[in-house]
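Q: Below are the structure tokens for one structure; questions will follow.
The values are calculated or read from the model by the stated rules, or taken from the named source; none is laboratory data. Fair warning: this is a prediction, and the values are worked out from it, not measured in the lab. Because the Cβ atoms are built from the backbone with ideal geometry, glycine has one as well, and the counts that use them run over all protein chains shown. Calculation scope for accessible area: heavy atoms of the full protein, side chains included, ligands and nucleic acids excluded. Shrake-Rupley method; radii C 1.70, N 1.55, O 1.52, S 1.80 Å.
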Amino acid sequence: MKKYSAFSLVKESFNNHLGWEKAWKKSHLKKNYKIIIVGAGGHGLATAYYLGKNFGIKDLAVIEKGWLGGGNTGRNTTIIRSNYLQEESAAIYEKSRLLYETLSQELNYNVMFSPRGVMMLCQTEHELRAMKRTCHANRIYGVDTVMISPARMKEMIPIINIKGPRYPILGGLWQPRGGTARHDAVAWGYARAISSWGVDIIENCEVVGIKKNKNKISSVQTTKGDISCEKMCFVVAGNSSVLAELCGFRLPVESVALQALVSEPIKPVMNCVVMANTVHGYMSQSDKGEMVIGGGADGYNNYSQRGSFQHIEETVRALIETFPFISRLRQLRQWGGIVDMTGDRSPIISKTPVDNIYLNCGWGTGGFKAIPGSGWATAELIAKGEPGKLAAPFSLERFKEGRMIDESVAAAVAH
Amino acid sequence: MLKFTCPYCQVEADETELTPGGEAHLKRMGPGSSDQEFYNYLFERKNPRGIHFERWLHSYGCGKWFHVVRCTKTMEVFGTYSAQETNPPKKILDIVKQRISFGKKIK
Ligand SMILES: Cc1cc2nc3c(=O)[nH]c(=O)nc-3n(C[C@H](O)[C@H](O)[C@H](O)COP(=O)(O)OP(=O)(O)OC[C@H]3O[C@@H](n4cnc5c(N)ncnc54)[C@H](O)[C@@H]3O)c2cc1C
Ligand SMILES: [Zn+2]
């Protein structure tokens, strides 16, 4: 792998930039691997990366039915934060945020992590109280957040309307170290790193069947042929129930569409991420100047990667009172992804009913922020066969045991 | 936008007039059931990429729950039937079968 640096940039410029190599190699499927990861989204790639980095396991294949990063990893609004209410969530999301801080240096790939700050609006008395509670919880778990006043918020974002009338702004929860990153770059950066170790990334290759011997997987059937492996982990977000069905069990997960949109690019008006949980909308401004807007998920099962039209309207409508200027903007693009929702809105990183199959799913509407931490925790689970401290609370068993990690109240909006 | 005909009031209702209610024909488990059965009932879902039997509420209409058979991949709607029916009617199942074999043919 050629290192990216100012020096290599200058050197290549003398060569009309023709000497750059492909970020990751096109590989051919071998007959056998130690570990197979299904799904080349952020979580699958990060899992492969930390398997190599933390455990020295590089006899791996990452199998992807479409193109690398073409799932939710390439479709999200890139918000990174760790101000969750529950201790278990704070631990894994904060670990992830910390890894993001140095990810560009570590991967030698600019993931454009921008800790511009995440501001959560409080627009009802109830929400104000709930956010104060979250703020206290964050402090206990070592997540850096503070409550800020409406006046301070207006100072930070002059274009915001704090006066209502319907949903005046009563305060805000501010996480200065949250922010955004370039979503594609996160997938590409991890892919480049693992490919340089000889990990095979196979695109356009769908897993279509699983062969089991007793309670163990013996081979994986793909559209490019059968492969045998010692262990398999599926990390396929919205398609988790489909993979589980192939493996012979069911999951406490439902797949629904979540949409987002961007406006035409405008001059800088907002330098942090703003989330309005009560009215179900959130917004940030991309480096290109587009306003990136997202909202709530659809309510019905869907695998079509397209959502309902009225949701786009609802999302924009929700934000207009607080940001009147967006009513004058034109929409540039709109898209959807299929997200995997669990009942408590927390992910699943777990062993499964099949001995050597592992599972990472359930990130739903908010897993981009978790990519590095989740990869870290899942790699440990696969390598050791038992979950470490980060992953243990997120096992499948928690539903049966009534040990929910309830983030549905704490994070009312999709993000 | 999804459109279903409500089997009660026969109105062809837009999705905005309706509320989705998830997988249909779940068997309710309660006291006396095993932990596994109760877990299956509460949490485990088929969540198929394909034919889905589901419940919808005609919330801005007659206010009644009814059943829909729909494909989650193509969004094709195969039919609706009342909430009192504990199994999908044969008429709708036949339509589903026909459409599936049609899909296989064009593939
Ligand atoms: C509109 C939208 C906005 C969002 N906004 C945010 C946000 O602001 N902040 C945040 O933190 N999160 C956000 N999310 C959530 C986040 O995008 C996801 O949680 C995260 O990207 C999931 O990553 P993943 O690697 O698990 O899944 P994916 O990136 O979806 O990867 C799964 C991969 O598995 C592949 N696959 C599926 N089935 C098979 C098979 N049978 N064989 C082989 N491969 C298969 C798929 O093709 C896919 O590439 C948002 C999501 C959406 C849709
Ligand atoms: Zn009706």
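Q: Suppose we filter the stretch B:1-26 for residues that are away from ligand 2 (no atom under 16 Å from the Cβ) and open to solvent by 50 Å² or more (accessible area, probe 1.4 Å); how many remain?
A: Of the residues in the stretch B:1-26, 3 are away from ligand 2 (no atom under 16 Å from the Cβ) and open to solvent by 50 Å² or more (accessible area, probe 1.4 Å).
Q: Hey, does the stretch B:27-39 have a residue that's at pLDDT below 95, open to solvent by 40 Å² or more (accessible area, probe 1.4 Å), more than 8 Å from chain A (Cβ to nearest Cβ) and on the phi > 0 side of the Ramachandran plot?
A: Yes, the stretch B:27-39 contains at least one residue that is at pLDDT below 95, open to solvent by 40 Å² or more (accessible area, probe 1.4 Å), more than 8 Å from chain A (Cβ to nearest Cβ) and on the phi > 0 side of the Ramachandran plot.
Q: Pairs, please: C-beta under 6 Å, at least 6 apart or cross-chain, first residue without any contact (Cβ under 8 Å) to a residue 60 or more places away in the chain and of a type outside the set (Phe, Trp, Tyr) and in the stretch A:292-304, second open to solvent by 10 Å² or more (accessible area, probe 1.4 Å) and assigned to a loop (DSSP other than H, G, I, E, B)?
A: Sorted first by the residue in the stretch A:292-304, then by its partner, the pairs are A:Asp298/A:Gly307; A:Ser304/B:Met75.
Q: Sticking with this one: Among the residues that make up the stretch B:67-78, is at least one of them farther than 28 Å from A:Asp344 by Cβ, of a type in the set (Val, Ile, Thr) and either at the interface with chain A (Cβ under 9 Å from one of its Cβ atoms) or open to solvent by 60 Å² or more (accessible area, probe 1.4 Å) (or both)?
A: Yes: one or more hits.
Q: From the set of residues in the stretch A:218-255 that are open to solvent by 10 Å² or more (accessible area, probe 1.4 Å) and among the hydrophobic types (A, V, I, L, M, F, W, C), which is farthest from the other protein chains (Cβ to nearest Cβ)?
A: Checking each candidate, the answer is A:Cys229.
Q: What is the number of the single condition among (1) farther than 15 Å from A:Ala61 by Cβ; (2) open to solvent by 60 Å² or more (accessible area, probe 1.4 Å) that A:Ala187 does not meet?
A: (2)
Q: Restricting attention to the stretch A:283-293, does a residue exist that is assigned to a loop (DSSP other than H, G, I, E, B) and within 14 Å of another protein chain (Cβ to nearest Cβ)?
A: No: zero hits.
Q: Any idea which of A:Asn204, A:Asn239 is assigned to a loop (DSSP other than H, G, I, E, B) and either more than 16 Å from ligand 2 (Cβ to nearest atom) or under 30 Å from A:Gln310 (Cα atoms) (or both)?
A: That would be A:Asn204, the only listed residue that is assigned to a loop (DSSP other than H, G, I, E, B) and either more than 16 Å from ligand 2 (Cβ to nearest atom) or under 30 Å from A:Gln310 (Cα atoms) (or both).
Q: Can we say A:Gly388 is free of Cβ contacts under 8 Å to residues at least 12 places away in the same chain and outside any strand (DSSP E or B)?
A: When the stated conditions are applied, A:Gly388 passes them.
Q: Let me ask something else about it. Restricting to the stretch B:4-44, what's the tally of residues that are in contact with an Asp or Glu (Cβ under 8 Å, 6 or more places away or on another chain) and outside any loop (DSSP other than H, G, I, E, B)?
A: Final tally of qualifying residues: 6.
Q: Would you point out the residue of the stretch A:53-89, among those that are in contact with a helix residue (DSSP H, G or I) (Cβ under 7 Å, 6 or more places away or on another chain) and part of a helix (DSSP H, G or I), that is nearest to A:Gly337 (Cα to Cα)?
A: Here the answer is A:Asn72.
Q: Right, next: Within the group B:Arg49, B:Arg45, which residue is within 16 Å of ligand 1 (Cβ to nearest atom) and crowded, with 18+ Cβ neighbours inside 10 Å?
A: B:Arg49
Q: Scan the stretch B:7-23 and report the pairs whose first residue is free of Cβ contacts under 8 Å to residues at least 40 places away in the same chain and whose second residue is open to solvent by 30 Å² or more (accessible area, probe 1.4 Å) and within 12 Å of ligand 2 (Cβ to nearest atom), with Cβ atoms within less than 7 Å and a gap of 6+ or a chain change.
A: Filtered contacts from the stretch B:7-23: B:Glu12/B:Thr5.
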